Structures are given as structure tokens and as C-alpha cells.
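Notes follow the structure.
The values are calculated or read from the model by the stated rules, or taken from the named source; none is laboratory data. All values reported here derive from a predicted model rather than from experimental measurement. When we count neighbours, we look across all protein chains shown, and the Cβ atoms used for this are built from the backbone with ideal geometry, even at glycine.
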Amino acid sequence: MRTHFIAIGGSAMHNLALALHQKGDQVTGSDDAIFEPSKTRLDKKGLLPMEMGWFPEKITTEIDAVILGMHAKADNPELLKAQELGLKIYSYPEFLFEQSKNKTRVVIGGSHGKTTITSMILHVMHYHNIEVDYMVGAQLEGFDTMVHLTKENDFIVLEGDEYLSSPIDLRPKFHLYQPNIALISGIAWDHINVFPTYDFYVEQFETFIQKIKNGGILVYNEDDAEVKRVAEDATNPIRKIAYKTPEYTVEDGTTLLSTPEGPMPIEVFGAHNLNNLAGAKWICQNMGVDEADFYEAIATFKGASKRLEKIAETKTAVAYKDFAHSPSKVKATTQAVKAQYPNRKLVACLELHTYSSLNAEFLKEYEGALDAADVAVVFYSPDAVKIKQLEEVTYEQISAAFKRNDLIIYTNPQEFQDFLRAHDLKESALLLMSSGNYGGLNFDEVKGMLS
């Protein structure tokens with residue numbers, strides 16, 4: 001099969017390209033800019049485009065499928081040529097469904113936790129040598145790619161993102177997968193640029209449940225009131241399984257999970273991650289892994305990439321970075337680190353980097369998100385606001401939104417880094433939350449800041 005990728009350099013797109021290449025398909029692609037690690041990974045497999053840009057002459061009737069990435073625009077020259085030739089054009093999720101129509105599709109949805117839950121499931125399967133196809137939103141230890149497709153595996157585990165499918169397919173990605181087994185971890189308003197009201201956002205999850213195949217299974221987090229309501233209101237013929245945060249304790253910085261065999265030490269921590277673990281357990285059990293085997297495997301799970309990732313530690317201090325940026329994630333992550341290190345000063349730093357977080361109207365959703373921190377810092381770049389063509393947000397708006405009189409706010413990357421270097425971080429836990437890099441912070445230098 002010959003497949004061409006329009007915008008091959010994206011995180012998800014290049015991983016799918018690598019997976020199809022590994023499967024034996026003929027893969028080509030284009031992009032106007034490709035960054036690391038995509039660039040090196042594509043180059044190693046001979047898939048890196050010879051030059052950057054869009055080349056409609058690459059699009060011929062010999063191509064079996066065109067996969068269109070979100071980075072491309074609706075007037076992309078290669079897309080227009082593919083449409084002119086009548087080629088089959090897929091969005092990323094549409095193509096994954098096409099590849100998995102004859103498999104049992106397990107789809108993990110939710111505003112938060114879906115990457116971690118998907119990663120936990122794949123870790124358990126890998127631990128027990130159970131082969132499954134998958135697509136996950138982070139690079140996992142022991143896995144070569146974030147996407148894996150075969151002809152023979154019975155199950156495919158898909159991280160179900162609610163964001164749009166492609167520039168010409170404005171359906172949320174997880175509406176296209178038609179799961180046999182589905183999970184919803186939480187509902188907290190996100191992607192305000194696409195879902196301008198909370199009610200409209202919630203509707204996407206109601207539709208997701210309706211897309212579950214008749215006779216399928218919905219696993220849902222009953223600790224989340226909105227998830228519980230949406231799940232219980234659903235009337236389609238499916239089986240529903242509720243889960244909640246299990247009992248656990250923290251002793252000397254180690255989290256002990258209550259199990260039928262007694263307390264078991266685990267590598268991950270925080271109530272939100274224990275909640276994720278409970279959801280992953282039910283999914284694994286419905287994929288044929290019994291409870292005891294799940295616990296044996298999950299004890300060695302260290303976390304998904306960029307999710308509460310320990311980046312530095314000394315005898316008296318520790319530093320984590322986390323992908324958290326939406327209000328619910330920021331609050332859960334901040335509370336988790338404080339609970340894990342109750343006797344240390346928690347310095348929590350949040351970069352407002354996404355379209356939603358830089359929206360003046362959406363900012364009020366962050367009220368209380370940093371309350372668990374002893375020192376709360378917010379960084380944002382006025383340039384990022386301009387690039388996203390948003391109305392400028394002010395110090396006063398941010399301070400009022402978080403409802404903390406002692407909130408520290410930086411807009412200059414150097415001043416933020418100087419603050420970290422000058423701040424006494426001994427006997428502290430430093431938490432860096434962002435989907436960016438604070439305007440150029442070198443995370444490898446953070447260990448030096450702790451001593």
C-alpha cells in the first residue's frame with residue numbers, strides 16, 4: 001500500500017508514518033517544517049522529505065491513501081491536488097479506524113489522564129507479553145513508536161482525543177473510533193477555541209458514548225460528577241462499569257496501594273494517578289488480564305513521558321516537570337506533589353501556553369488551581385498571545401483569576417530563570433508545569449538549581 005502524509009512531521013503523524021513503514025507499506029510525506037525528534041526519527045528510516053514545502057507534483061494516481069494532518073490547511077496545494085484526482089483522503093483517526101475495523105477497539109477518552117491510562121494498559125500488556133496494536137500520545141519506555149499496527153493482533157488500544165480530526169473533518173477524533181470498550185476519565189472544559197461553551201464540550205462525550213458498539217462496555221470514573229451523570233444518562237445498549245480512586249497511603253515519599261494481598265509500593269503517586277490506575281485495571285481485566293497479574297505489572301510502571309516526570313533530585317530537594325496546562329490537570333498535579341512531599345516547600349510554576357489558557361475569559365477557570373503550592377509562579381509570553389492573535393492578558397487578570405495575593409508572575413524568560421536560580425530550593429519540591437519550555441528553559445540545568 002502506498003500512503004502519502006501531508007504534514008508528516010507532527011508528533012502523531014510521524015509516528016504513524018513510522019508504524020506503516022515498519023508494517024511494510026510504502027510511505028512518503030511532505031511538510032513545511034519538521035523539528036526534533038521527528039526529524040531524526042524520519043531520517044533514520046529514509047522517510048524525511050528531501051526538502052521542506054508542499055509539492056503537488058508528488059500527488060499522483062499511484063497513491064492509495066493520503067493522510068491529512070491538522071498542521072496542514074484546507075487550501076494546502078497537495079490536498080487540493082489529491083481532491084482533484086479523487087484520491088482517498090483520511091484524517092489521522094479515520095485512517096486508524098480503517099486499519100482496525102476487524103479488531104476489538106479499546107478507546108480511552110477524557111479531558112485528563114487518557115495518556116497515562118493508555119500507557120498503564122500498554123505497560124501491563126507489554127509486561128505479560130500480550131501483543132496489541134496501539135496509539136498513545138507519549139513515547140513509552142520499551143516501545144519504539146507511539147503507534148503500532150499489525151494485521152494479526154486482536155486488540156487495538158487508542159488514546160481518544162476530543163480535538164478535531166483534520167482541517168476538512170471537524171469531528172472530534174474520538175467520535176471516529178466506534179469503540180467496543182471505552183473509558184472516560186474526566187470532563188473538564190478544554191479547547192475553548194473549538195468548544196466555546198462548557199455544555200457544547202460535554203456534548204462531545206455524550207456523543208462518544210453513543211458511538212460505542214451495541215453490547216460494548218463503558219468504564220467510567222464515578223469520582224467525576226459530570227462523567228457519572230453523562231454515563232448514567234446514556235441509554236444505548238452497553239454495559240457500564242464504574243471505578244473510583246482506590247485506598248492508598250504515603251509513607252516516607254513512597255505511595256502504597258491497597259490490594260487484596262496487602263499494601264503494595266508503586267512508582268506513580270497522586271490521587272489522580274491512583275484514579276487512573278483504577279480505570280486501567282478495569283480495562284485490562286476486560287482484555288483478559290486478571291487482577292493479580294495487573295497488580296504485578298503495574299508495580300513497575302514509572303509513568304508516561306512528560307507526565308509527572310522526575311528530572312532532578314538531591315538529598316534534600318526534588319524537581320518534576322509535567323505536561324499539565326488545563327485547570328483541572330494543574331490542580332491535580334499540584335495537590336499530588338504536595339501530598340507526596342508534605343514536609344517540603346512546594347514551588348509550583350505554571351506556563352500559560354495554550355490557546356485556552358491565554359484566553360482572558362477562560363482564565364477564571366484557574367481559580368484555586370495552585371492553592372496547594374507554598375510558592376506559586378505563573379509565566380506567560382506576551383509574544384505567544386500575539387502569535388495566537390488573542391486579546392492581551394494582563395498581570396491583574398491573571399492575579400484575579402488564580403485568587404492568590406502572593407502569586408508571582410513573569411513575562412520575561414530570563415527573569416523567570418533568574419528567579420529559579422536565586423530561589424533557595426533546599427528542602428523543596430519544584431514543579432514545572434507546561435506544554436512549552438518557559439521561553440527557553442534548559443531542563444537539564446535544573447539539578448544545579450536544587451543544590
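Odds and ends about this structure:
- Residues in region 258-277 that are within 24 Å of the chain's Cα centre (by Cα) and surrounded by fewer than 20 Cβ atoms within 10 Å (Cβ to Cβ): 267, 271.
- Identity of the residue in region 391-448, among the basic types (Lys, Arg) and in a helix (DSSP H, G or I), that ends up modelled with the highest pLDDT: 421
- Members of region 263-291 found to be of a type in the set (Gly, Ala, Ser) and either at pLDDT 95 or above or assigned by TED's automatic domain parsing to the domain that holds residue 336 (or both), listed by number: 278, 279, 280, 288
- Breaking point among (1) modelled with pLDDT of 95 or more; (2) surrounded by fewer than 22 Cβ atoms within 10 Å (Cβ to Cβ), for residue 159: (2)
- Matching residues in region 152-165 - criterion: being in contact (Cβ under 8 Å) with a residue 40 or more places away in the chain and out of contact with any helix residue (DSSP H, G or I) (no Cβ under 7 Å at 6 or more places or on another chain): 153, 154, 155, 156, 164
- Of the residues making up region 6-53, just one is surrounded by fewer than 20 Cβ atoms within 10 Å (Cβ to Cβ), among the hydroxyl-bearing types (Ser, Thr, Tyr) and under 23 Å from residue 158 (Cα atoms), namely 11.
- Failed condition for residue 358, given (1) modelled with pLDDT under 90; (2) in a helix (DSSP H, G or I); (3) among the aliphatic types (A, V, I, L, M): (2)
- Any hit, region 63-70, residues being touching a Leu at 6+ places or on another chain (Cβ under 7 Å) and in the same structural domain as residue 152 (by TED's automatic domain parsing): no
- Qualifying residues in region 60-81 (those that are free of Cβ contacts under 8 Å to residues at least 60 places away in the same chain and under 32 Å from the mean Cα position of the chain (by Cα)) - the one surrounded by the fewest Cβ atoms within 10 Å (Cβ to Cβ): 75
- Counting only residues that are free of Cβ contacts under 8 Å to residues at least 60 places away in the same chain and among the aliphatic types (A, V, I, L, M), region 1-52 holds 9 of them.
- Matching residues in region 293-322 - criterion: being surrounded by fewer than 20 Cβ atoms within 10 Å (Cβ to Cβ), under 14 Å from the mean Cα position of the chain (by Cα) and in a loop (DSSP other than H, G, I, E, B): 305, 306
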